[in-house]
Amino acid sequence: MSHHRNPKALLTPAMHGVLERMARAGHMPLHALTPAQARTAYAAGADVLELPLHAMARVEDFHVTARDGFLIPVRLVVPSTERLPVLVYFHGGGFTIGSIETHDGLCRQLARHVHCAVLSVDYRLAPEHKFPIAVEDAWDVVRWVAQQGATRNLSTDRLAVGGDSAGGTLAAVCAILARDANIQLALQLLFYPGTSARQDTHSHRKFEHGFVLEESHIAYFFNHYWRTVSDRDDWRFAPLDGRDASGHLAELGGVAPAWLGLAECDPLVDEGVQYADRLRMAGVAVDLEIYRGVVHEFIKMGRAIPEAAKAHADAAHALRHAFQEIKG
């Protein structure tokens, strides 16, 4: 079949149009930029295709103290004055770019659709802060919410984690840490998470160039994030195929139920499916959606890509349901 020769034929017309406009804009390739320049460039384009911002009943910026004393900036968005369940959200950006600001629109969408509070986390970024700092910051915030969230009028017995891309990696890792710490999570909400540190799947080859997330970007991010190449063998870097200190794959039995939303035309789609399979084999309830004809980062393109609103709604439905289950 011809579309295997040209993976671009898989794209929806709207997605194709967005990629053509991006190519015409002729931005500097990411790997030609310093991390600081890359952050600025990403921030400038982050909400170009985003749906309009939703007003919230409460928006609070404050800090959570990390284990080393660093003050982690967080933003709490709450759609009403009630005591609501809470989603702790980790933004994407390859552990190197992205922020609370770049993902503010998405967090508000989720808060409004689910009718929950969303706590967005500005974990420290590489290369200034290498692995495992992002993981430790992410986990310190989850632990803080479980222990102290009630002080912010959050219903901490109904707690979920979520993220996109690198943020999805952090959410998946926090779900494993939460199980080990006996912190009950309602759901892990994973938008096209990175789960492996190896780019050897079919989708990595098929979509390596021209589909927003390029192989050169992945190398750029990883080279900033790891201290040495052996970090990629750590399960906290790669929950799918990384190992613990004794050389075993991460044990996934007993982690929170998962909702995964993947993009069909994304280098990361195969490892997302493989992670869903590993969770299922460990007896974890998994809901897997693959959005056809769209690329990595599509959930932030709601103005142009109808699948973005669909993914927001599907994720919100799964999260609402998970929170209701706990309410019983």
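Overview of results
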quantity	calculated
Selection from THR65, ASN6, GLY94 lying farthest towards where the dipole of the range 1-106 points positive, charges on Cβ	ASN6
CD proxy at 222 nm, helix term only [per DSSP H run n ≥ 4: -39500 (n - 2.57); per residue of the chain; nearest 500]	-11500 deg cm²/dmol
Span-like helix ranges in the chain, DSSP H, alpha carbon extent 20 angstrom or more, Kyte mean at least -0.5	133-148, 166-180
Other-chain or far-sequence residues with amide H under 5 Å of LEU262's (modelled H)	TYR192, GLU289, ILE290, TYR291
Shape parameters for the range 5-134, alpha-carbon atoms, Rg then Dmax in Å	17.3, 53
Estimated vicinal HN-Hα couplings, Hz - the range 189-202 in sequence order (Karplus 6.51, -1.76, 1.60; Gly, Pro = x)	9, 10, 8, 5, x, x, 10, 10, 9, 10, 9, 10, 7, 4
Ranked by how many other beta carbons lie within 10 Å on average, peptides 221-227, 14-20, 100-106 from highest	100-106, 221-227, 14-20
Euclidean distance between Cα centres, the range 9-47 to the range 310-328, Å	31 Å
The range 227-270: C-alpha gyration tensor shape, a/c 1.5 cut-off, then a/b vs b/c	oblate
Using θ = phi - 60° and Karplus 6.51 cos²θ - 1.76 cosθ + 1.60, couplings along the range 229-236 (whole Hz; Gly, Pro as x)	4, 5, 4, 5, 8, 8, 4, 6
Surrounding net charge for ALA55, when Lys and Arg each add one and Asp and Glu each subtract one, Cβ distance under 11 Å	+3
Spatially close lysines, pair count over the chain: Cα under 22 Å, gap of eight or more or interchain	4
Within a Gaussian network of the chain (alpha carbon springs, distance under 10 Å), most fluctuating of SER120, SER230, SER99	SER230
Cα gyration tensor category, rounded, prolate or oblate, for the range 2-327 with a/c compared to 1.5	rounded
Tensor-based shape of the range 176-254 (alpha-carbon gyration tensor, a/c under 1.5 rounded, otherwise prolate or oblate)	prolate
Cβ-placed point charges (K, R +1; D, E -1), dipole of the chain about Cα centre in debye, nearest 20	460 debye
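Every number here is computed from the coordinates shown, using simple stated rules; none is lab data. In this text, all values refer to a predicted model and were calculated from it rather than measured experimentally. Positions of Cβ are backbone-derived with ideal geometry, glycine not excepted, and every protein chain shown enters the neighbour counts.
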